[in-house]
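Following: one structure in structure tokens, then a few remarks.
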Amino acid sequence: MGVRDVLKRIVVGAVVFAAVSIIAEAKTKVTSQPFGKLPDGTPVEIYTLSDGAFEARIATYGGVVVSLMAPDRNGKTADVVLGFDDLDGYVANFNGSADAYFGALIGRYANRIARGSFTLDGHKYSLPLNNGPNTLHGGPHGFNNVVWKAKSIADGVELSYLSKDGEAGYPGNLTATVRYTLVKGDLRIEYSATTDKNTVVNLTNHSYFNLAGQGDILNHQLALHASRFTPVDAGLIPTGELKSVESTPFDFRKAAAVGSRINTDDAQLHLGRGYDHNWVLDSGGGKLAEAAELYDPSSGRLLKVLTDQPGIQFYSGNFLDGTIKGKSGKPDVLHAALCLETQHFPDSPNHPDFPSTELKPGQHYRTVTVYSFSTR
Ligand code: GAL
């Protein structure tokens, strides 16, 4: 055997050793299986991440968190997210007029962009509209509606997607990577992206949580670590004001039942048909900090949301009206679940005063959100 072959063997041995050590360190079991095909024949996989009583299932279509099993205070598990039993349910909903974005990754720009338009470096970009006069969650063909490339990683799955220059109206080839890991009740989501042209980016996950796994979320206790929120106009576009939550039904600095003030005669609640607003996190973003706590007294399940983003959209499931038939064909009724979408503020590209969502070539967009489950 020549020197070259010996070296080759050493390198191969080292790589195998490194891979085995990574797998040996990871305790979470990660498996994948087919989840069906899109109407055009594209195959979709589903990854199962299981660690003890916790289990998350993630589809390569939309990076959807299809199910999330978590134990209650007696150790009994339930699925705490809304969704559908099969791929067809997601494809039909995400391509229909009542897209609920159940569990999906949202991009290139989560939340609304007013009139689907923004100016960057003096150039005006126009996006397809899908929410009255505005663009919502990346437009009609957003990151929820594409198949991501996937590979197993320690404790989870890594998804990646190339959003081409001009796709859905946004400038620049954007390479996005999302890593989902599940360790001891912590569903950690690491988002990263790079671009080859100046662009805007705001990624999130749109899971609908119901910690009881049934009924509605009006008795869930919510705390939001935010002293201000961004009031909206009739199209749910921020007016630009950062308003104090003091003496308003938007004050969740101390935990309160979601339903305790939801029917207050308040102009902002009327506009949102309930809560559908962005809170300005006191942490200011930039470092991982607790943003929200959600607690279900009936099951004892507790969800802490940690993020390094400056905002969080608390949406109380106001557009659910029973027309969507979810898992087991059960209608998803008003307030059946709620979303806590970590994010930059809505419509930031049109608000120079808001924290910037611009990404330039050479920069690396990196952000982390953790949905941490336990019981009390
Ligand atoms: C939320 C948004 C709501 C609604 C929902 C999907 O993120 O804030 O207004 O569009 O998604 O039905």
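The values are calculated or read from the model by the stated rules, or taken from the named source; none is laboratory data. Note that the structure is predicted; figures quoted are calculated from it, not measured. Every residue, glycine as well, gets a Cβ built from its backbone with ideal geometry; the counts of neighbours run over all protein chains shown.
Each residue in segment 46-73 was checked for being surrounded by fewer than 19 Cβ atoms within 10 Å (Cβ to Cβ) and in contact (Cβ under 8 Å) with a residue 24 or more places away in the chain, and 5 of them qualify. Just wondering, is there one or more residues in segment 241-260 that are part of a strand (DSSP E or B) and under 22 Å from the mean Cα position of the chain (by Cα)? No, segment 241-260 contains no residue that is part of a strand (DSSP E or B) and under 22 Å from the mean Cα position of the chain (by Cα). Residues of segment 39-97 that are in a helix (DSSP H, G or I) and under 22 Å from N210 (Cα atoms): L87, G89, Y90, N93, F94.
Table: residues versus (1) under 17 Å from V200 (Cβ atoms); (2) basic (K, R); (3) surrounded by 15 or more Cβ atoms within 10 Å (Cβ to Cβ).
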{"residue": "R108", "(1), (2), (3)": "yes, yes, yes"}
{"residue": "R112", "(1), (2), (3)": "yes, yes, yes"}
{"residue": "P128", "(1), (2), (3)": "yes, no, no"}
{"residue": "P133", "(1), (2), (3)": "no, no, no"}
{"residue": "G138", "(1), (2), (3)": "yes, no, yes"}
{"residue": "G142", "(1), (2), (3)": "yes, no, yes"}
{"residue": "S152", "(1), (2), (3)": "no, no, yes"}
{"residue": "V157", "(1), (2), (3)": "no, no, yes"}
{"residue": "P171", "(1), (2), (3)": "yes, no, yes"}
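Among the residues of segment 108-139, the one identified as within 13 Å of the ligand (Cβ to nearest atom), assigned to a loop (DSSP other than H, G, I, E, B), closer than 24 Å to V64 by Cα and over 16 Å from the mean Cα position of the chain (by Cα) is N130.
Restricting segment 194-206 to residues that are within 16 Å of the ligand (Cβ to nearest atom) and either part of a strand (DSSP E or B) or farther than 16 Å from T367 by Cβ (or both), the residue that is nearest to the chain's Cα centre (by Cα) is N205.
The residues of segment 85-97 that are of a type outside the set (V, I, T) and either more than 12 Å from the ligand (Cβ to nearest atom) or within 12 Å of the chain's Cα centre (by Cα) (or both), listed by number, are D85, D86, L87, D88, G89, Y90, A92, N95. For segment 336-376, filtering for residues that are aromatic (F, W, Y), part of a loop (DSSP other than H, G, I, E, B) and buried (at least 22 other Cβ atoms within 10 Å of the Cβ) leaves 1. Taking only segment 341-355 into account, find how many residues are within 16 Å of the ligand (Cβ to nearest atom) and more than 20 Å from S316 (Cβ to Cβ). Adding up the residues that qualify gives 3.
Just one of the listed residues (L105, L82) is closer than 26 Å to T175 by Cα, within 15 Å of the ligand (Cβ to nearest atom), among the aliphatic types (A, V, I, L, M) and under 15 Å from the mean Cα position of the chain (by Cα), namely L105. One residue stands out in segment 156-174 among those that are free of Cβ contacts under 8 Å to residues at least 40 places away in the same chain and among the polar types (S, T, N, Q): the one that is nearest to F54 (Cα to Cα), namely S160. If you go through segment 207-235 and keep only what is within 16 Å of the ligand (Cβ to nearest atom), touching a strand residue (DSSP E or B) at 6+ places or on another chain (Cβ under 8 Å) and either assigned to a loop (DSSP other than H, G, I, E, B) or among the hydroxyl-bearing types (S, T, Y) (or both), you end up with S207, Y208, N210, I217, T230, P231, G235. Here D276, D296, D308 are screened, and the one residue that is of a type in the set (D, E), within 16 Å of the ligand (Cβ to nearest atom) and touching a Leu at 6+ places or on another chain (Cβ under 7 Å) is D276.
If only one of A56, A100 is within 14 Å of the ligand (Cβ to nearest atom), among the hydrophobic types (A, V, I, L, M, F, W, C), at pLDDT 95 or above and under 29 Å from S298 (Cβ atoms), which one is it?
Exactly one residue qualifies, and that residue is A100.
Pairing residues of segment 249-273 that are farther than 16 Å from H220 by Cβ and without any contact (Cβ under 8 Å) to a residue 24 or more places away in the chain with residues that are surrounded by fewer than 15 Cβ atoms within 10 Å (Cβ to Cβ) and among the small types (G, A, S), at Cβ distances under 9 Å and at least 6 apart in sequence or on separate chains, gives D251/S244.
For segment 311-330, the candidate set comprises residues that are part of a strand (DSSP E or B) and either more than 13 Å from the chain's Cα centre (by Cα) or more than 10 Å from the ligand (Cβ to nearest atom) (or both); within that set, the residue that is farthest from D88 (Cα to Cα) is G311.
Does T42 satisfy the condition of being more than 16 Å from the ligand (Cβ to nearest atom), more than 22 Å from S152 (Cα to Cα) and exposed (fewer than 14 other Cβ atoms within 10 Å of the Cβ)?
Numbers: more than 16 Å from the ligand (Cβ to nearest atom): yes; more than 22 Å from S152 (Cα to Cα): no; exposed (fewer than 14 other Cβ atoms within 10 Å of the Cβ): yes.
In short, no.
Do we find that G285 is in contact with an Asp or Glu (Cβ under 8 Å, 6 or more places away or on another chain), farther than 29 Å from K76 by Cα and crowded, with 16+ Cβ neighbours inside 10 Å in this structure?
Judged against the criteria, G285 is a match.
Which residue, of L359, L288, L269, is within 16 Å of the ligand (Cβ to nearest atom) and over 18 Å from L68 (Cα atoms)? After applying the criteria, what remains is L269.
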